[in-house]
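A short worksheet on the structure shown next.
The values are calculated or read from the model by the stated rules, or taken from the named source; none is laboratory data. Because the structure is predicted, anything quoted here is derived from the model rather than measured. Cβ: placed from backbone, ideal geometry, glycine included. Neighbour counts: every protein chain shown. These area figures cover heavy atoms from the full protein model, side chains too; ligands, DNA and RNA do not enter into them. Shrake-Rupley method; radii C 1.70, N 1.55, O 1.52, S 1.80 Å.
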Amino acid sequence: MKNVVDFLTGNLILNLAIIAWAAAQLLKLVVVLVTERRWDWQHILSSGGMPSSHSACVCACASSVGFLYGWGSPLFAIAAVMAVVVMYDAFNVRRETGEQAKILNYMMEHWAQMKPEEIFDKALKELIGHTPLQVFMGALLGIAIGWGGAYWLTR
């Protein structure tokens with residue numbers, strides 16, 4: 001087990017969080033391939049989309065902390081609270097930012113007399129936040145990797 005933990009960071013919980021994030025990012029490529037029938041390598045490092053890599057990362061962290069240190073431990077409480085805050089932000093604040101970007105992009109495209117291309121260099125990023133389903137699926141992925149990885153690597 002020591003070799004597995006030492007591979008990335010030397011910290012099992014951090015490694016599982018990184019693995020969950022990476023798995024979610026790779027799954028985004030697959031989701032785009034299946035739904036849109038095209039490879040879009042931009043999704044490998046982008047935010048937004050299915051599943052939520054933010055949710056996967058924080059849920060892997062929280063679930064592995066809970067598994068390793070106990071579900072009633074102060075460490076799990078801290079990790080769980082942080083996971084809730086990150087997931088709330090993902091589907092509320094960041095999603096609204098994406099909706100505003102859609103409106104602004106529409107205005108820029110249709111406001112010919114203002115010549116928005118002279119004002120703005122590029123379109124705003126609209127895929128910033130997540131739907132509740134995307135956050136939920138990211139959370140499930142993170143919990144599975146966090147709990148499963150902690151169980152497998154500590155037995």
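For the reader, a short list of remarks on this structure follows.
- Nearest-0.05 FRET efficiency for Trp152 and Tyr69, computed from C-beta distance (R0 22 Å): 0.80
- Accessible surface, per residue, of the range 23-71 when the full set of protein chains is kept, probe 1.4 Å, Å²: 50
- Contour minus Cα-Cα distance for Val30 and His110 (0.36 nm per residue): 25.4 nm
- Packing, as the average of other Cβ atoms within 10 Å across residues, places the peptides 146-152, 17-23 in the order 17-23, 146-152, highest first.
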